[in-house]
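Derivation of every value follows stated rules applied to the coordinates shown; laboratory data play no part. From a predicted model like this one, the values you see are computed outputs, not experimental measurements. Here Cβ is always computed from backbone atoms with ideal geometry, including for glycine, and neighbour counts include all displayed protein chains.
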């Protein structure tokens, strides 16, 4: 109970900061929206676009990838905030409070999840304007998975930021990790189009399974093998990431 109360307190603090920062809240979804508006229509005009995503419509195959991209980029940069707090002494002041060290992490993550979910709703509304059609239950499942992905990436981001401790080290680490993840996860195009060696390499990325699972959710195929594997990978990756983040946070705040 004490952990929940502490988490709610920290969550409220960062939510108030988030709601005052309307620019970050609005423009955080800009990159996926640009892909949606400038790249998506190109796919619909490609020869054989009907078979591009294994019989799914272009938007049913493309939008799930954009949701995962939003979760990846939106939460991976969360660590920049804690680096600033380290510099200003905010983390030091929080260390002397009786608040649970785990709550200090979970409150931050909760705010990141709410921010990404709000941006995801904006992205989905825009996608429906372009022609996306998907079942409500499939969208709700996708938003739930997106929340888990956001939480685990944000947790790792805070852990890496506490290790790097300055922006000049943190930013190159992010770029070195994010670009291969995006390219190998089939976010823009299905990896079935890739040559054999690249497709095999892509199966090392956990987000490939997440994207494939979300695509099945968007067509209502909730019992498919891709959907079940995607859920399993999401839960395992979330458990591992939150554990790493919690251990790092406790050590740094001991």
Legend entry - Extension gain (nm, one decimal) between residue 85 and residue 228, 0.36 nm per residue minus Cα-Cα: 47.5 nm
Legend entry - residue 171-residue 54 FRET efficiency (beta carbon distance; Förster radius 45 Å; 0.05 resolution): 0.80
Inset, instruction - First measure r as the distance between the Cβ atoms of residue 8 and residue 235, then evaluate 1/(1 + (r/R0)^6) with R0 = 30 Å and state the FRET efficiency to the nearest 0.05. - result: 0.80
Legend entry - With Cα atoms, 0 to 90° folded angle of helix 79-88 axis to the chain main axis: 20 degrees
Inset, instruction - With volume of the Cα convex hull per residue in Å³ defined as stated, name the option among [x] 131; [y] 157; [z] 141 computed from the structure displayed. - result: [x]
